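One structure is given below, encoded as structure tokens.
The values are calculated or read from the model by the stated rules, or taken from the named source; none is laboratory data. Quick caveat, the model's predicted, so the values are computed rather than measured. Ideal geometry is used to build each Cβ from the backbone, glycine not excepted, and the neighbour counts take in all protein chains shown.
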């Protein structure tokens, strides 16, 4: 268990953030009178929360994403075992090589368009086709 001052240094969360997130139930440290003690999982969750907020994701979307993750995943503390990204609008989660939005629950595919393009360019030309036709076709590749 970790005291509040150490948790602030480890997570870069302000005292006001910690108090608010505790009050609203987003993070639930153990209470000892007026003092709080945080677990290692709490620290991980707080670091994720601070990072998401710092990168522009609203607290409302953070809450929605966490609630959805809690329903979708069997773990009590899903944030401690996931890789989570944000573009300031969405929470993109990587779990076991799968990508999905924690907010909309939409699944994403990940593929390397540069590698696909390189493979097309390196392919021998098809009978009746020229290498330049293959190269021009590779320039039309894009992200879906």
> In this structure, does residue 94 turn out to be surrounded by 12 or more Cβ atoms within 10 Å (Cβ to Cβ), modelled with pLDDT under 80 and farther than 26 Å from residue 23 by Cα?
Replying inline: no
> So residue 80 fits all but one of (1) in the same structural domain as residue 10 (by TED's automatic domain parsing); (2) surrounded by fewer than 11 Cβ atoms within 10 Å (Cβ to Cβ); (3) modelled with pLDDT under 80; what number is the exception?
Replying inline: (2)
>> Among (1) in a helix (DSSP H, G or I); (2) surrounded by 15 or more Cβ atoms within 10 Å (Cβ to Cβ); (3) in the same structural domain as residue 45 (by TED's automatic domain parsing); (4) modelled with pLDDT of 75 or more, there is one condition residue 71 misses while meeting the rest; what is its number?
In response: (2)
> Quick one: which helices (runs of 4 or more DSSP H) sit completely within segment 1-59 and have at least 1 residues that are surrounded by fewer than 17 Cβ atoms within 10 Å (Cβ to Cβ) and touching a residue at least 12 places away in the same chain (Cβ under 8 Å)?
Replying inline: 4-11, 40-54
> Can you tell which of 57, 18 is within 22 Å of the chain's Cα centre (by Cα) and closer than 19 Å to residue 83 by Cα?
Replying inline: 57
>> Taking the condition of being surrounded by fewer than 12 Cβ atoms within 10 Å (Cβ to Cβ) and free of Cβ contacts under 8 Å to residues at least 24 places away in the same chain, how many residues in segment 97-117 meet it?
In response: 9
> Looking at 142, 88, 128, which is the one that is on the phi > 0 side of the Ramachandran plot and either at pLDDT below 85 or in a helix (DSSP H, G or I) (or both)?
Replying inline: 128
